[in-house]
């Protein structure tokens, strides 16, 4: 039995982490039985979630979980795609993970209103007396990471401009397709859905929500796949 270690549902999303959503979808796509553990963060091999325990083998990071599934179970997430389509799918996936991820992080951690509506709840278990200091320290670390990446060096307006270009690129790739690359689902759909669903989460206030809603194909795509994978 595979155990998936994740954070759990929050903010109306299947999980607070887009990478945990991606990993769970990959398991669903491959038809693998799994159980969920919401208490594994402290034992994470890489200090992050998600990771899995597959009969004693621990695999951390959603992409390496995908590679593990492909290698051990022989499941081809890109079956039916030619090399060009597979390359576009991979590029779209990494645009989400290496660009839009930082947009989401910036919107939720560097915006006081959104932080109070969301990430602040992650600190409820901390002792009340020192909680403000912990929060201040972690927010500084997150802000430093965003700045080190490069995105955090831009103004909010510039960040939203870049986010809009990325969202439009995903909408253009999707076009009239049912799934990202055509009428058959592929591995990148797990990632693209997770990010579009998260970035358009109305629990938070952000201009990027309207950007997604402005692309009817993306909004419909997200609705379809939410029903497909998380109807419960």
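Just to be sure I follow: if Rg is taken over the C-alpha atoms of the range 93-209 and Rh is the Kirkwood radius over the same atoms, what is Rg/Rh?
Working: Rg = 16.2 Å, Rh = 15.6 Å.
Using only Cα positions, Rg/Rh for the range 93-209 is 1.04.
Express in whole angstrom the spacing between the alpha-carbon centres of the range 124-197 and the range 218-232.
19
Cut-off 19 Å, label point 7 angstrom out along Cα-to-Cβ of residue 144: give me the residues of the range 36-55 whose amide nitrogen falls inside.
47-48, by backbone N distance to the label point.
Relative contact order of the range 34-85, please, whole-number percent, based on alpha carbon pairs below 8 angstrom and at least 6 residues apart.
Numbers: 32 pairs, mean separation 9.6, N = 52.
Worked out over the range 34-85, it gives 18 percent.
Which FRET efficiency value, to the nearest 0.05, is calculated for residue 42 and residue 154 with the Förster distance at 30 angstrom and r the Cβ-Cβ distance? Numbers along the way, then the final one.
Working: r = 34 Å, r/R0 = 1.15.
The formula returns an efficiency of 0.30 here.
Under a crude label model (7 Å from the Cα following the beta-carbon direction), how far is residue 228 from residue 183 in nanometres?
About 1.4 nm separates the two model spin labels.
Based on the Cβ-Cβ distance from residue 117 to residue 33, what FRET efficiency comes out when R0 is 30 Å, to the nearest 0.05? All intermediate terms of the calculation are to be shown ahead of the outcome.
Details: r = 35 Å, r/R0 = 1.18.
Efficiency, rounded to the nearest 0.05: 0.25.
Choose one answer from 42, 216, 94: the residue with the largest mean-square fluctuation in a GNM of the chain with alpha-carbon springs under 10 Å.
Most flexible of the set in this elastic network: 42.
Just to be sure I understand: of the beta bridges DSSP finds with both ends in the chain, what percent are antiparallel, rounded to 5? Walk me through the intermediate numbers first.
Working: 10 of 14 bridges.
Taking every DSSP beta bridge with both residues in the chain, the antiparallel ones total about 70 percent.
Would you order 122, 77 from fewest to most other beta-carbon atoms within 10 Å of each residue's own beta-carbon?
Details: 122 13, 77 20.
Lowest count first: 122, 77.
So what is the relative contact order of the chain, in percent, for Cα pairs below 8 Å that sit 6 or more residues apart?
Numbers: 260 pairs, mean separation 50.1, N = 232.
That works out to 22 percent.
Quick check on the exposure proxy: order 103, 21, 227 from fewest to most C-beta atoms within 10 angstrom.
Values: 103 23, 21 27, 227 9.
The most exposed by this proxy come first: 227, 103, 21.
Tell me, in nm to one decimal, what length is gained between residue 136 and residue 64 on full extension, where the rule is 0.36 nm per residue of separation less the Cα-Cα distance? Walk me through the intermediate numbers first.
Numbers: separation 72, 0.36 × 72 = 25.92 nm, distance 3.21 nm.
Separation in residues times 0.36 nm, less the Cα-Cα distance, equals 22.7 nm.
Give the relative contact order (percent, whole number) for the range 2-73; include only Cα pairs under 8 Å separated by 6+ residues.
On the way: 108 pairs, mean separation 26.0, N = 72.
About 36 percent, as a whole number.
Neighbour counts of other C-beta atoms within 10 Å: give me 63, 191 arranged from fewest to most.
Working: 63 16, 191 28.
Fewest to most other Cβ atoms nearby, the residues stand as 63, 191.
Looking at the chain as a GNM with Cα springs under 10 Å, which of 18, 142, 192 has the largest mean-square fluctuation?
In the Gaussian network model the winner is 142.
Pick from 164, 74, 145: which residue has the top mean-square fluctuation in a GNM of the chain where Cα pairs under 10 Å get a spring?
74
Computed from the coordinates by the stated procedures, all read-outs in this text should not be read as laboratory data. Remember, it's a predicted structure, so these values are computed and weren't measured experimentally. Cβ: placed from backbone, ideal geometry, glycine included. Neighbour counts: every protein chain shown.
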